[in-house]
Amino acid sequence: MLTVERKVEISDIAGSGVMRLSALVDMLQDCAYDHLQNDSTLKPYFEQTGNVMFLVSRQIDIKRLPEYGEQLSVSTWCYELKRMYGFRNTIVKDSRGEICAAAYETGAFADPATSHPVKIDQQLADSVEKHPAFEMEYTPRKIALPDREADMTSPLKVYGSFIDMYGHVNNARFIELSQDFVPKSRQISRLRLEYKQPLKKEQAMARVFREDGGLIVEIQGDDGRSCCVAEYSFV
């Protein structure tokens, strides 16, 4: 388990006056990555093989978005690890110990050169430190698209600044690509993200489905392949 302290800075704040959702996800991602890279059992494996763990899905239940200047604690841990997939919780609490956001994430071991999944030895998977799963609703990893035409489609520009060290769009940037379709009057209570294929610096397309109490945005690459599905639920 890893816990880091974090202050909400002005660069984290959105026009609404509270923390940007993508900034919250950056914070979750940083804590989880540091935990993964410093794990005493997995670190030698990553160094010897060059393999990595790519994010496959994320669910974030949002109690409230913090404000500027707040002191936060971010805790993350693995609660289950299989030969190909790992499962973790990442929890954000304020200075009073109250939960701001609770997430569960699924990752897959992969070869970064090909993005193809790989398997680790069962003995290694068994030896990684694990803690009980956080008590929350765990929705399915895959997000089902409505069986109908999208309510709207829109071209998207993928900027070079969205590309991470693995050569494709960073997982938090999919929020910036999709959140503009969320009505500003709606308060987001849950965000689910399914990452399907890497998206590189290219033109992309959003397919938007309006649902009762929510919104689904599918982001496709310029060849029509589905790269990410984001599901927003509202209070």
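The values are calculated or read from the model by the stated rules, or taken from the named source; none is laboratory data. All values derive from a computational prediction rather than experimental measurement. Virtual Cβ from ideal backbone geometry, glycine too; neighbours counted across all protein chains shown.
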Worksheet item: Mind checking which residues of segment 1-45 are part of a helix (DSSP H, G or I), surrounded by fewer than 18 Cβ atoms within 10 Å (Cβ to Cβ) and either touching a Lys or Arg at 6+ places or on another chain (Cβ under 6 Å) or among the polar types (S, T, N, Q) (or both)?
Response: SER11, GLN37
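Residue by residue, here is whether (1) aromatic (Phe, Trp, Tyr); (2) under 24 Å from VAL169 (Cβ atoms); (3) touching a residue at least 24 places away in the same chain (Cβ under 8 Å) holds:
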{"residue": "VAL8", "(1), (2), (3)": "no, no, yes"}
{"residue": "MET19", "(1), (2), (3)": "no, yes, yes"}
{"residue": "LEU24", "(1), (2), (3)": "no, yes, yes"}
{"residue": "LEU65", "(1), (2), (3)": "no, yes, yes"}
{"residue": "GLY69", "(1), (2), (3)": "no, no, yes"}
{"residue": "LEU72", "(1), (2), (3)": "no, no, yes"}
{"residue": "SER75", "(1), (2), (3)": "no, no, yes"}
{"residue": "LYS93", "(1), (2), (3)": "no, no, no"}
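Here's the yes/no breakdown for (1) at pLDDT below 90; (2) small (Gly, Ala, Ser):
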{"position": "LYS119", "(1), (2)": "no, no"}
{"position": "PRO140", "(1), (2)": "no, no"}
{"position": "GLU149", "(1), (2)": "no, no"}
{"position": "SER161", "(1), (2)": "yes, yes"}
{"position": "PHE181", "(1), (2)": "no, no"}
{"position": "SER189", "(1), (2)": "no, yes"}
Fill in: Elements of type strands (runs of 3 or more DSSP E) contained in segment 51-159, each with 1 or more residues being farther than 23 Å from ASP30 by Cβ, in the same structural domain as GLN187 (by TED's automatic domain parsing) and not charged (D, E, K, R)
152-157
Discussion item. One residue is enough: does segment 192-200 have a residue meeting the conditions surrounded by 12 or more Cβ atoms within 10 Å (Cβ to Cβ), in contact with a helix residue (DSSP H, G or I) (Cβ under 7 Å, 6 or more places away or on another chain) and not aromatic (Phe, Trp, Tyr)?
Written reply: yes
